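Following: one structure in structure tokens, then a few remarks.
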């Protein structure tokens, strides 16, 4: 099973005027093997895609280790492939799958690959 994890946050390490726009990119990639190097075509290479969003917008309360500040979204490869896009925004992602807490993540990933 190959799992690809993407993460994003509204707050960045640098100063911003407003919360960041949430877009998960790099969904397609070239495969690599020792004999041939990189493949020519970009493809969807994971069996499951996990999208992690740090939702805290207050810089003073932001804590990467606080799992209550994270939301997760899980999609099987077929759902990502059907869109045939190299990126997905949070609004589109929310239309495709429900938001999960950290405690719901493991079981959902297991169910997705079963």
Tilt of helix 102-113 relative to the longest C-alpha principal axis of the chain, in degrees (0 to 90, nearest 10)?
-> 20
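Determine the relative contact order of the chain: mean sequence separation of Cα pairs under 8 Å and six or more apart, normalised by residue count, in whole percent. Show your work: numbers first, answer last.
Details: 180 pairs, mean separation 33.1, N = 114.
Result for the chain is 29 percent.
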Modelled FRET efficiency - R0 22 Å, residue 7 with residue 33, Cβ distances, 0.05 increments | 0.25
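Run the numbers on the range 32-90 and let me know its relative contact order in percent, using alpha-carbon pairs under 8 Å that are six or more apart.
Working: 42 pairs, mean separation 21.0, N = 59.
Relative contact order of the range 32-90: 36 percent.
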With an 8 Å cut-off on Cα pairs and a minimum separation of 6 or more residues, tell me the relative contact order of the range 1-41 in percent.
-> 27
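Can you sort 10, 38 from fewest to most other Cβ atoms within 10 Å of each residue's own Cβ? Don't skip to the end; give the middle numbers.
Values: 10 19, 38 11.
Final ranking by Cβ density, sparse to dense: 38, 10.
Could you line up 14, 32, 70, 62 from fewest to most neighbouring Cβ atoms inside 10 Å?
Details: 14 5, 32 10, 70 19, 62 16.
Ordered from fewest to most neighbouring Cβ atoms within 10 Å, 14, 32, 70, 62 come out as 14, 32, 62, 70.
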Using all Cα-Cα distances in the chain, what percent lands in each 10 angstrom bin from 0 up to the longest?
-> 13, 40, 31, 14, 2
R0 = 30 Å: FRET efficiency of residue 66 with residue 42, Cβ-based, nearest 0.05?
-> 0.30
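Of all DSSP beta bridges located in the chain, what percent are antiparallel, nearest 5?
Working: 15 of 22 bridges.
Around 70 percent antiparallel, to the nearest 5.
Any read-out appearing in this document is the output of simple, stated calculations on the displayed coordinates, not a laboratory observation. Since the structure is predicted, the reported quantities are computational estimates derived from the model, not experimental observations. When we count neighbours, we look across all protein chains shown, and the Cβ atoms used for this are built from the backbone with ideal geometry, even at glycine.
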